[in-house]
1. For region 13-48, enumerate the residues that are under 13 Å from the mean Cα position of the chain (by Cα) and either among the polar types (S, T, N, Q) or assigned to a strand (DSSP E or B) (or both).
2. With the requirement that a residue be out of contact with any helix residue (DSSP H, G or I) (no Cβ under 8 Å at 6 or more places or on another chain) and either within 13 Å of THR253 (Cα to Cα) or exposed (fewer than 14 other Cβ atoms within 10 Å of the Cβ) (or both), what does region 81-100 give you?
3. Please verify whether region 149-156 includes one or more residues that are touching a strand residue (DSSP E or B) at 6+ places or on another chain (Cβ under 7 Å) and under 23 Å from LEU25 (Cα atoms).
4. Pairs, please: C-beta under 6 Å, at least 6 apart or cross-chain, first residue more than 21 Å from GLU214 (Cβ to Cβ) and in region 147-176, second of a type in the set (A, V, I, L, M, F, W, C) and assigned to a strand (DSSP E or B)?
5. Would it be correct to say that LEU166 is surrounded by 21 or more Cβ atoms within 10 Å (Cβ to Cβ), at pLDDT 95 or above and farther than 26 Å from LEU19 by Cα?
6. From the list TYR201, TYR251, pick out the single residue that is in the same structural domain as VAL94 (by TED's automatic domain parsing) and of a type in the set (Ser, Thr, Tyr).
7. Give me the residue from region 196-230 that is crowded, with 20+ Cβ neighbours inside 10 Å and of a type outside the set (A, V, I, L, M, F, W, C) and, out of that set, nearest to ASP161 (Cα to Cα).
8. I'm trying to understand the selection: among the residues of region 110-138, which are in a loop (DSSP other than H, G, I, E, B) and of a type in the set (Gly, Ala, Ser)?
Amino acid sequence: MHACPATHPALPALFDPSLPNKPALWAVLEGRHPGRALVDDLQHPTQCLLRTDACLTYPGRQISQTFLEQAITRYRKTDPVWLVWPASLSPSLVAPETGQIVQRLEFFDCDPYSGMLEGLRQHLPDGFQIRPLDRQLIERCEWKSEMEFYCGSLENFLLHDFGLCLIHDDEIVTEAYASSIGDNLAEIGAITHEPFRGQGYAPVACAFLIQTCEKRCCQAYWSCDADHPASIQVARKLGFRHERAYQIYEYSTSQDT
């Protein structure tokens, strides 16, 4: 087993193109976000387990049981592992036992020109405006630390990713982010600040963000925990035409066990 640059040109072909949580994987493979890969052969790899610096960990489609277990053990010496588990893996392959399995949903195939989204954009409430995220604005955002975590740093987010805020009287109402971009997909998400929740502002902000995704030649993608009804409701209101369940197996570092 060998440590391998995550941007090795042979790695993309080792992963199923229908993997869940795909944008975060491809953001690493395309060099936008930091990550690490373990392979069986540095010159001609056939097996790979790739871990983003934000813990998400992806098995190659030809990975063996032995390689999977050894690679997880190696990563866990220093870092947590959140193993994204696709249904397309061999039925004989079993995820190592863990005390935490997170049920997830992903949403994809959204028409940026749908009447639903056009309506949300055309009914921006009076006194509200959309402002693109920049360094000064993100310093005021609740998800500042999340962007540092998932993108490697704020600088990396501002260089490779994008977002916007719904603003009222210079107060941030909703933050909306495209925080992982890869293989022409952009994973989007949003948070509305406490005083404004329950008033439908997140779909409005996301409708504008999806328009920005289209201008940047990428398609919007959404994922969330299956027990997060507010996030699910927003995704469905945005009109994603496909919804799929998957799992993440969470492993703590060996030092924590």
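1. The one that is under 13 Å from the mean Cα position of the chain (by Cα) and either among the polar types (S, T, N, Q) or assigned to a strand (DSSP E or B) (or both): ASN21.
2. Correct list: TRP82, ALA87, SER88, SER90, PRO91, GLU97, THR98, GLY99, GLN100.
3. yes
4. HIS168/PHE128; ILE172/CYS165; VAL173/LEU166
5. Yes.
6. TYR251
7. Per the stated criteria, the residue is THR212.
8. SER114, GLY127
The values are calculated or read from the model by the stated rules, or taken from the named source; none is laboratory data. All values reported here derive from a predicted model rather than from experimental measurement. Note that we place each Cβ from the backbone using ideal geometry, even for glycine, and neighbour counts take in every protein chain shown.
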